[in-house]
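Notes for the one structure printed next.
The values are calculated or read from the model by the stated rules, or taken from the named source; none is laboratory data. This is a predicted model, so every value here is computed, not measured. Cβ: placed from backbone, ideal geometry, glycine included. Neighbour counts: every protein chain shown.
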Amino acid sequence: MPNSAVTDPNTPKRTLLLTGASRGIGHATVIRFSSAGWRVITCSRHPFPEQCPWDAGPEDHIQVDLADHDDTLRAIDVIRERLHGGMLHALVNNAAISPKGPGGSRLGSIDTEVDVWSHVFRVNFFAPVMLARGLIEELKTAKGSVVNVTSIAGSRVHPFAGAAYATSKAALAALTREMATDFGRVGVRVNAIAPGEIDTSILSPGTDKIVDEQIPLRRLGTPDEVAKIIYVLCTETSSYVNGAEIHINGGQHV
């Protein structure tokens, strides 16, 4: 996908802030944006993994516990310092947690404890709006873009995704619409992507049955297929797309 930041050395480098970058969709997103010449700042509760292939990784990695509101606010201050008062062209809220029961079982609405609900919502729902609010000036200056990663589980009961995860993703989809209205007034677009069954390391046993019975394309999606849509939503190609939730699931939702 062409990008002027690659072909024109005089074009200022654009900056992406990405949460949940260590594997799967997040990892593919870093590679997609880095290859297009973007600076990528990553956030994770883990230290930077040295085997990761992108440049300036350790220097542009912030270790943060997004379940901790105070630590999230601390990270926002660090990010603003790293930007040196400059622009943030894109924020991708990809980090999420999906707790399981004994033996990896699905946690439903009856057997999910309140503290688990709270933990899931702090990471999956509150952290995205805290980051966007905390960095609104940098996003506004860049006329930037926010992409929230929701899920097919946010709009239908899923056999593997638990109730807390699913409802947090439904709430994030609603939040995306609210943010698109509020942030749009200052020139910042806010959209969401809702992946279905993507070929990552966290697939549950039984996914092959979903592929055979529910997905018209009869295959899993790849992390890069998701990353490409995230990239489009952060560039001028989608300059009039705001408040959308794009389904990336091979037709599973139809």
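Points worth noting:
- Residue satisfying condition, being buried (at least 23 other Cβ atoms within 10 Å of the Cβ) and touching a residue at least 60 places away in the same chain (Cβ under 8 Å), within set L73, L139, L91: L91
- There is at least one residue in the stretch 182-203 that is surrounded by fewer than 16 Cβ atoms within 10 Å (Cβ to Cβ), at positive phi and outside any helix (DSSP H, G or I).
- For the stretch 230-254, the candidate set comprises residues that are of a type in the set (A, V, I, L, M, F, W, C), surrounded by 15 or more Cβ atoms within 10 Å (Cβ to Cβ) and farther than 20 Å from K143 by Cβ; within that set, the residue that is modelled with the highest pLDDT is I246.
- Residues within the stretch 205-229 that are in a helix (DSSP H, G or I) and not aliphatic (A, V, I, L, M), tallied: 10
- Residue within the stretch 230-246 that is more than 21 Å from S145 (Cβ to Cβ), of a type in the set (D, E, K, R) and either over 20 Å from the mean Cα position of the chain (by Cα) or assigned to a helix (DSSP H, G or I) (or both) present: no
- Candidates are the residues of the stretch 102-132 that are without any contact (Cβ under 8 Å) to a residue 24 or more places away in the chain and assigned to a loop (DSSP other than H, G, I, E, B); the one that is surrounded by the fewest Cβ atoms within 10 Å (Cβ to Cβ) is I110.
- Among the residues of the stretch 78-87, the ones that are free of Cβ contacts under 8 Å to residues at least 24 places away in the same chain, of a type outside the set (A, V, I, L, M, F, W, C) and in a helix (DSSP H, G or I) come to 1 in all.
- Some residue of the stretch 114-122 being closer than 19 Å to G154 by Cα, modelled with pLDDT under 95 and of a type in the set (S, T, Y): no
- Looking only at residues of the stretch 202-229 that are aliphatic (A, V, I, L, M) and modelled with pLDDT of 95 or more, we find that the one that is nearest to G187 (Cα to Cα) is I229.
- Residues located in the stretch 142-166, provided they are over 13 Å from A90 (Cβ atoms), assigned to a helix (DSSP H, G or I) and out of contact with any helix residue (DSSP H, G or I) (no Cβ under 8 Å at 6 or more places or on another chain): I152, A163
- Considering the stretch 142-175, the residues that are surrounded by fewer than 24 Cβ atoms within 10 Å (Cβ to Cβ) and among the β-branched types (V, I, T) include one that is farthest from L233 (Cα to Cα), namely V157.
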